[in-house]
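Novice: Dumping the structure here so I can ask a few things about it.
The values are calculated or read from the model by the stated rules, or taken from the named source; none is laboratory data. Because the structure is predicted, anything quoted here is derived from the model rather than measured. With ideal geometry, Cβ positions are generated from the backbone for all residues, glycine too; neighbour counts draw on all protein chains shown. Side chains are part of the model used for accessible areas, which takes the heavy atoms of the whole protein and leaves out ligands, DNA and RNA. Shrake-Rupley method; radii C 1.70, N 1.55, O 1.52, S 1.80 Å.
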Amino acid sequence: MSIVHRLMQVPLFSKFIKFGIVGASGMVVDYGVLILLRKVLGFPDWLNWLSIANAFIAAASSNYVLNRIWTFRSKNRQIRREYVSFIVVSLIGLGITELVMSLLGDGQTGVMHHLLGFELGTVTQTNDAYFYINKFIAIVVTTLWNFFGNMFITFHQHRDKSATPKDNQVEDTDNAHNVVDVVDNPKADSQDV
């Protein structure tokens, strides 16, 4: 058995990989909507903010649907609340990206300049190199926030606190359904309505 196959058997790792694939598809949606609005429909430059906002919402909505169905297999019936939670986590992620980019600096100032301790080239090359290095770091940090934020906030499985542990056992099955196991529950007969 290969190491990749073994890692895919770990539920958290498997979910993280799925989350990453969904995120990559969201990037395609984001760029697709941006190109559609700017190049095909001819949105002017002064409406860039509107194009970017629409692309973000389209990508986040697409990511929500795919993560709900495939990554986290949510059965929550409060779809509107779950969707809003997903968008809020995504907006916080956007803020984290901006914060990380600001803290790391532009090559002349910031943490990256001090960590590397040397210039990477001319001012233009330095700024470009630092920008892309910083953007990569921001993507890593934001991806971790988005994954764990959505896992623990948006798609958190709410369970009945009064039920026995056996009532709350959840199995992942290959047919993409979460199944609640209520076998041998002595309270089941008395709770039937």
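Novice: Please specify each residue of segment 78-106 satisfying the condition of being among the charged types (D, E, K, R), open to solvent by 80 Å² or more (accessible area, probe 1.4 Å) and not in a helix (DSSP H, G or I).
Specialist: none
Novice: State yes or no: is L41 hydrophobic (A, V, I, L, M, F, W, C), open to solvent by 40 Å² or more (accessible area, probe 1.4 Å) and modelled with pLDDT of 90 or more?
Specialist: yes
Novice: Between S74, S51, which is not hydrophobic (A, V, I, L, M, F, W, C) and not in a loop (DSSP other than H, G, I, E, B)?
Specialist: Of S74, S51, the one residue that is not hydrophobic (A, V, I, L, M, F, W, C) and not in a loop (DSSP other than H, G, I, E, B) is S51.
Novice: Looking at K75, is it of a type in the set (K, R), on the phi < 0 side of the Ramachandran plot, open to solvent by 50 Å² or more (accessible area, probe 1.4 Å) and touching a residue at least 40 places away in the same chain (Cβ under 8 Å)?
Specialist: Judged against the criteria, K75 is a match.
Novice: Another question, then. If a residue has to be open to solvent by 60 Å² or more (accessible area, probe 1.4 Å) and closer than 23 Å to H5 by Cα to count, how many in segment 18-32 make the cut?
Specialist: 1
Novice: Let me ask something additional. With respect to S25, determine if the residue is within 18 Å of the chain's Cα centre (by Cα) and in a helix (DSSP H, G or I). Show your work before the answer.
Specialist: Values: within 18 Å of the chain's Cα centre (by Cα): yes; in a helix (DSSP H, G or I): yes.
So S25 fits the description; yes.
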